[in-house]
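Report on the following structure.
Nothing in this text is a laboratory measurement; each read-out follows from the coordinates by a stated rule. Keep in mind that what you see is a predicted model, and the values were worked out from it rather than measured. Glycine also receives a Cβ, built like all others from the backbone with ideal geometry; neighbour counts cover every protein chain displayed.
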Amino acid sequence: MLSYCSFIIIPVKSYAEVAETQINGGLINASTEFLRDLDYETWQLVAYKSPNNDEKLVLRVIGYPGNLRIDHPLSLDVESGRKKWKLDDITLLNTELAEDSRQAAAEFDLESLLQDISQNRPLRLSLQGVFSELPVPPFLVKEWRALRTQS
């Protein structure tokens, strides 16, 4: 009698972890992930507690230089199911970004969104004139929520 043994390989880690990242000249805990929008352009999303913003959570959207040439302020639209939010553009509060001629990054107040959600649901981000839909998976929302509660 022959017996077969099969194994299912499941990745131990299917998401990036919160790690120390250099932001604004210092090392701070941040969630960093690269995502593609529906036009297949790659964007880096970095969520971190900003010492410049009363330790509130900030979402930095980073594109290739020149991808984020926008007139500030321009709110970031977020949708999940029927719910919608507009995240305030706080880029100009960060002097490092405000003076960067590459215009490769913009920052948004993530705190209001995270105060309003209680589940790790997928989100869809859009930034008028930049990208029309950037899907954010639930594991990343979970990271952002966990980062918010860390001291």
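Placing unit charges on each Cβ (+1 for Lys and Arg, -1 for Asp and Glu) gives the stretch 26-151 a dipole about its Cα centre, and among ILE117, PRO135, ALA30 the Cα reaching farthest toward its positive end belongs to ILE117. Rounded to the nearest 20 debye, the dipole magnitude of the stretch 19-149 is 520 debye, with +1 charges on Lys and Arg beta carbons, -1 on Asp and Glu beta carbons, and the Cα centre as origin. Legend: distances between Cα atoms for LYS49/LYS84; LYS56/LYS86; LYS49/LYS142; pairs beyond 19 Å are LYS49/LYS84. For the stretch 19-149, the calculated P(r), taken from all Cα-Cα distances in 10 Å bins from zero up to the bin holding the longest distance, is 12, 49, 35, 4 percent. Normalised by the number of residues in the stretch 19-149, the mean separation of alpha-carbon contacts (under 8 Å, six or more apart) gives a relative contact order of 24 percent.
Working from label points 7 Å from Cα in the Cα-to-Cβ sense, the GLN44 to SER75 distance is 2.8 nm.
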